[in-house]
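The values are calculated or read from the model by the stated rules, or taken from the named source; none is laboratory data. Every value quoted in this text rests on a predicted model; they were computed, and no experiment measured them. Neighbour counts run over all protein chains shown; Cβ positions are idealised from the backbone, glycine included.
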């Protein structure tokens, strides 16, 4: 399904945040032309986040740059830059995630390219915005997680601040800039005018925490306090958290403690009839519950709780999840193939439109693989 057919995206971005946005646009049918440095390309080609190497390049590069084209250019070379400017003149979207000032030095800032293509949607992701004392700091996921307060929400009280185990800031920033691009494209369709879309990683992760930050703003700036036992959310009462059982783990969300005690035959919990105590005494309640749940397996407890419509789930790892019929029905796994013939299994776009999933079998491009094709398509002369 080509929802964005005929939309041309010139993508200067590297690593995760920007490429995750252009991946979403590519999944929707846009032609994404990835501008890469001659010789080395996107730093993500060699920046490994695991020991999984595919065709001499990182697994994450293949995962996040599938279904795109690669155009190799030296932006400090006048001839190459002129060719890129000709591409920009015919594009609908330009995307980058360089630090503030880099595109200006290259002569590719918004005001400059707007004069070439007034209808261009120019989108940029920064680490901390274009102003202020942090603007030149590296916009790296772990660093922004740490600066944003996020790491004080996970783990138990009196334990160290704990980051999320995925590049959540990168992916959120990419999601937000993709949303901004789509809205700007809609506006362009009405007015034929372009827009400047700006997202910072810090703003994205702050917005992600709107629930807890709204509490902080309106509660006398009281800092969130994680529970000492099985912390799941510093603002949610017991039993919210993950619990070990005699075999496996279960997650328990918001529920009535008295009802929970009755279902589990845990008489001590039945005494907590005051709802306010479920938060004020959450560590005490969680300790009782944690000890009781150790007496039976996760499957045993779930066989009691799920039929009673208690919000609970078994805690699965990837291997166990992949064997679940519910997972298999989603068809989340997708095979893509590179020009070299390498087949890679990865995840598909999560969006369905009219019941159809958005898929493509095209793998990540070789560096500069599409130079000739693109120059012919856009009549590049130089």
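Can you tell me which residues in segment 349-371 are within 14 Å of residue 334 (Cα to Cα) and free of Cβ contacts under 8 Å to residues at least 24 places away in the same chain?
Passing the criteria: only 350.
Please go through segment 285-295 and pick out each residue that is in contact (Cβ under 8 Å) with a residue 24 or more places away in the chain and either assigned to a helix (DSSP H, G or I) or under 15 Å from residue 261 (Cβ atoms) (or both).
Within segment 285-295, 285, 286, 287, 289, 290, 292, 293, 295 meet the criteria.
Residues that are under 24 Å from the mean Cα position of the chain (by Cα) and assigned by TED's automatic domain parsing to the domain that holds residue 52: find the strands (runs of 3 or more DSSP E) completely inside segment 296-367 holding 1 or more of those. Reasoning before the result, please.
Numbers: elements: 312-314, 333-337, 343-347.
Fully inside segment 296-367 and qualifying: 333-337, 343-347.
Go through segment 310-350 and give me each residue that's in contact with a strand residue (DSSP E or B) (Cβ under 8 Å, 6 or more places away or on another chain) and surrounded by fewer than 14 Cβ atoms within 10 Å (Cβ to Cβ).
Correct list: 311, 331, 333, 335, 337, 343, 345, 347.
Is one or more of the residues making up segment 50-63 closer than 22 Å to residue 188 by Cα and touching a helix residue (DSSP H, G or I) at 6+ places or on another chain (Cβ under 7 Å)?
No: segment 50-63 contains no residue that is closer than 22 Å to residue 188 by Cα and touching a helix residue (DSSP H, G or I) at 6+ places or on another chain (Cβ under 7 Å).
Can you tell me which residues in segment 114-144 are crowded, with 22+ Cβ neighbours inside 10 Å and part of a helix (DSSP H, G or I)?
From segment 114-144, those crowded, with 22+ Cβ neighbours inside 10 Å are 120-128, 139, 141, 144; that's our starting set.
Within segment 114-144, 141, 144 qualify.
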